[in-house]
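Colleague: This structure is in structure tokens; I'll ask about it shortly.
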Amino acid sequence: MRKRLIARFAWLGLGAVLLAGVLAGIIVFSHPKPSAAEGTRPAVAEIPVTVARAVQRDVPVYLVGIGNVQALNTVLVRARVDGYLQEIHFTEGQMVRKGDLLAVIDPRPYQAALDQARAQKAKDEAALVAERLDLVRYRKLAEKDFAPQQQVDDQQALVNQTIAAIKADEANIETAALNLYYTRLTSPIDGRVGLRMVDIGNLIHATDTNGIVSITQIHPITAVFTLPESDLPAVMQAMAQGPVQVLAYLSDHRTRLAEGTLLTPHNTIDTGSATIELKAIFENKDDKLWPGQFIDARVRVRTIPNAVTVPDAAVQRGMNGLFVFVVNQNHTVTIQPVKEELEQDGIAVITSGLSAGTLVVTNGQSRLQNGSHVAVREAASSDALQTQGG
């Protein structure tokens, strides 16, 4: 009996121990032990951004107009006499100098005309000699009353007529010589030959409108472009200070073709479009400019010295004006109001609110606010910034 009681109490104690263990496990799992990081602030998410530093430098200010390139001189070579085209002395696209032989028209008819005019002059000169001798004889006879004075006067008139005929012969010789000279077509300017418009063997006339070939002078070359009339005072002020630089770009606004000098604005403003034409000249030694080509012309009217510049993508527009996001040393950003003088060629000139060397956000501003944490993914170097805008 006693052994049964002892066994019963043993089972009861074991059950109590097991129950206590279960309860303890429940309590432990429902209330986990605090970790070592408990009580610290969770990590703040950083917003990836692109940044650049503000750079101080001199900034040239350009006025941009659209225009096209024009040859300094253009000549359509035409025949000045009739005949068949006997020789061609150029190739299409060739560069020629003033006086170079281009073509030859059959000269034989004009050589014959010249020989005939010279012969006629020789004939008249021989006749003049005889007439003058007769005039001397008639005068001597008239002095002795052996010949009437009328005969002397008639002979004098005949001599005068022959002298006039010789002068006409000389004019005919000059005309024939000039026509013979015109059978050799030479270049009147230095330039580039275009496409040939007539072939050897064709009969050509002085009245033909198409001509034989065109020549364009492209060294140097000019460009004519337009600017708004409101830009004219700035252009005139720049011209008063010395030669004005003009840069020629392709219409993609990126590819620079040539650097030249402004010649002059036109003498009138187009009242229909409120624009004025201007003309610039370029040396064009590398042939990047071509007659008829459309370009963007940039006229340098002034320079802003020691300007603080940032990429124009950094400047944001808000309800209270312009601002930039400045990156602090602790990788947070601050909204900084700024004033801007101009945006040009991918840069903005800041007149107040920013100093050189300040790090500003250029991409990723849409997710930012004052105090946001940022992760700098890419930084544009100051050298890269300086190269923008040409």
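Colleague: For the stretch 164-216 and the stretch 304-368, what is the separation of their Cα centres, given in Å?
Modeller: About 68 Å separates the Cα centre of the stretch 164-216 from the one of the stretch 304-368.
Colleague: For the stretch 108-182, what's the radius of gyration and Dmax over Cα atoms, in angstrom?
Modeller: 16.9, 56
Colleague: Follow-up question, since we're still on this one. Which helices, taking whole DSSP H runs in the chain, have alpha carbons extending 18 angstrom or more along the helix axis plus mean Kyte-Doolittle at least 0.5? It would help to have the intermediate numbers written out before the result.
Modeller: Working: long enough: 2-30 (42 Å, 1.48); 108-143 (53 Å, -0.73); 149-182 (50 Å, -0.32).
Membrane-span-like by this criterion, though nothing is claimed about a membrane: 2-30.
Colleague: Find the relative contact order for the stretch 199-339 and round it to a whole percent, using C-alpha pairs within less than 8 Å whose residues are 6+ positions apart.
Modeller: Numbers: 184 pairs, mean separation 32.2, N = 141.
Reported relative contact order: 23 percent.
Colleague: Let me check against my output: what whole-number percent is the relative contact order of the stretch 108-182, with C-alpha pairs under 8 Å and at least 6 apart?
Modeller: On the way: 53 pairs, mean separation 40.9, N = 75.
In percent, rounded to a whole number, it is 55.
Colleague: Taking amide H positions as placed 1.01 Å from N in the peptide plane, with prolines and chain starts having none, which residues 5 or more places from Asp100, or on another chain, fall under 5 Å of its amide H?
Modeller: Hits under the 5 Å cutoff: Ser187.
Colleague: Assuming R0 = 41 Å, what is the FRET efficiency of Leu232 and His373, from their Cβ-Cβ distance, to the nearest 0.05?
Modeller: Efficiency for this residue pair is about 0.20.
Colleague: Considering the options Ala223, Val376, Pro243, tell which one lies farthest towards the positive end of the dipole of the chain, charges being +1 on Lys and Arg and -1 on Asp and Glu at the Cβ, about the Cα centre.
Modeller: The residue sitting most towards the positive pole is Val376.
Colleague: Still on this structure: Considering the chain as a Gaussian network with a 10 Å cut-off on Cα pairs, which listed residue, Ser372, Ser273, Ser187, attains the greatest mean-square fluctuation?
Modeller: So, out of Ser372, Ser273, Ser187, the one fluctuating most is Ser273.
Colleague: OK, next. Amide H of Val61: which non-local residues (sequence gap of 5 or more, or other chain) have their own amide H closer than 5 Å, using H built in the peptide plane?
Modeller: Residues meeting the criterion, in which the H sits 1.01 Å from N, are Val301, Arg302, Thr303, Ile304.
Colleague: Now, a different point. Ordered by residue, what ³J(HN,Hα) values in Hz, to whole numbers, does the stretch 71-77 give under the Karplus form 6.51 cos²θ - 1.76 cosθ + 1.60, where θ = phi - 60° and Gly and Pro are x?
Modeller: 5, 4, 9, 10, 10, 9, 7
Colleague: Name the longest site-free stretch of the chain, where the excluded sites are trypsin sites (Lys or Arg not before Pro) in a DSSP loop with no more than 14 other beta-carbon atoms within 10 Å. Intermediate values should be presented prior to the final figure.
Modeller: Numbers: sites that count: Arg80, Arg97, Lys98, Lys144, Arg254, Lys285.
The longest uninterrupted stretch comes out as 145-253.
Colleague: Among the lysines, select those whose C-alpha is under 28 Å from the C-alpha of Lys98, and discard any that sit fewer than 8 residues away in the same chain.
Modeller: The reachable lysines, counting only those whose Cα sits under 28 Å from Lys98, are Lys279, Lys285, Lys288.
Colleague: At 7 Å along Cα-to-Cβ for each site, give me the label-to-label distance between Gln151 and Asn73 in nm.
Modeller: Label-label distance for Gln151 and Asn73, simple model: 6.3 nm.
Colleague: In addition: Restrict the search to the stretch 87-173; then list the chymotrypsin sites (Phe, Trp or Tyr not before Pro) that DSSP places in a loop and that have at most 13 other Cβ atoms within 10 Å of their Cβ. Mind dumping the intermediate values first?
Modeller: Working: sites: Phe90, Tyr110, Tyr138, Phe146; in loops: Phe90, Phe146.
When the chymotrypsin sites (Phe, Trp or Tyr not before Pro) of the stretch 87-173 are filtered for loop state and at most 13 Cβ neighbours within 10 Å, Phe146 remain.
Colleague: Continuing with the same structure: What residue among Gln70, Pro265, Gln56 has its Cα farthest toward the positive end of the dipole of the chain, where the charges are +1 on Lys, Arg and -1 on Asp, Glu, each on the Cβ?
Modeller: In the chain, that residue is Gln56.
Colleague: What is the dipole size for the stretch 108-182, taken about its Cα centre, with +1 at each Lys and Arg Cβ and -1 at each Asp and Glu Cβ, in debye to the nearest 20? Walk me through the numbers before you get to the answer.
Modeller: Details: 10 positive and 12 negative charges, 37 e Å.
Charge dipole of the stretch 108-182: 180 debye, to the nearest 20.
Colleague: While we're here: Which one of Gln120, Gln344, Gln70 has the biggest mean-square fluctuation once the chain is modelled by GNM with Cα springs under 10 Å?
Modeller: Gln120
Colleague: Put +1 on the Cβ of every Lys and Arg and -1 on every Asp and Glu Cβ in the chain; which of Pro188, Leu232, Gln344 then has its Cα farthest towards the positive end of the dipole?
Modeller: Ranked along the dipole, the leading option is Gln344.
Colleague: Only Cα pairs within less than 10 Å get springs; with that Gaussian network setup on the chain, which residue of Glu92, Glu143, Glu46 has the largest fluctuation?
Modeller: Highest fluctuation among the options: Glu143.
Colleague: For the stretch 270-283, just list the computed ³J(HN,Hα) in residue order, Karplus coefficients 6.51, -1.76 and 1.60, θ = phi - 60°, integers in Hz, with x standing in for Gly and Pro.
Modeller: 6, 6, x, 10, 6, 10, 10, 7, 10, 10, 10, 10, 10, 5
Colleague: Assigning unit charges at the beta carbon (Lys, Arg +1; Asp, Glu -1) and nothing else, what dipole magnitude in debye, to the nearest 20, does the chain show about its Cα centre?
Modeller: Value, rounded to 20: 3380 debye.
Colleague: Taking amide H positions as placed 1.01 Å from N in the peptide plane, with prolines and chain starts having none, which residues 5 or more places from Ile204, or on another chain, fall under 5 Å of its amide H?
Modeller: Counting only residues 5 or more places away or on other chains, the set is Gly83, Tyr84, Leu85.
Colleague: By how many nm would the segment from Ala127 to Gln161 lengthen if fully extended, with 0.36 nm per residue of separation less the alpha-carbon distance? Display every interim value, and only then the final one.
Modeller: Values: separation 34, 0.36 × 34 = 12.24 nm, distance 1.07 nm.
Stretched out fully, the Ala127 to Gln161 stretch lengthens by 11.2 nm.
No lab work stands behind these numbers, since they all come straight from the coordinates. Fair warning: this is a prediction, and the values are worked out from it, not measured in the lab. Glycine also receives a Cβ, built like all others from the backbone with ideal geometry; neighbour counts cover every protein chain displayed.
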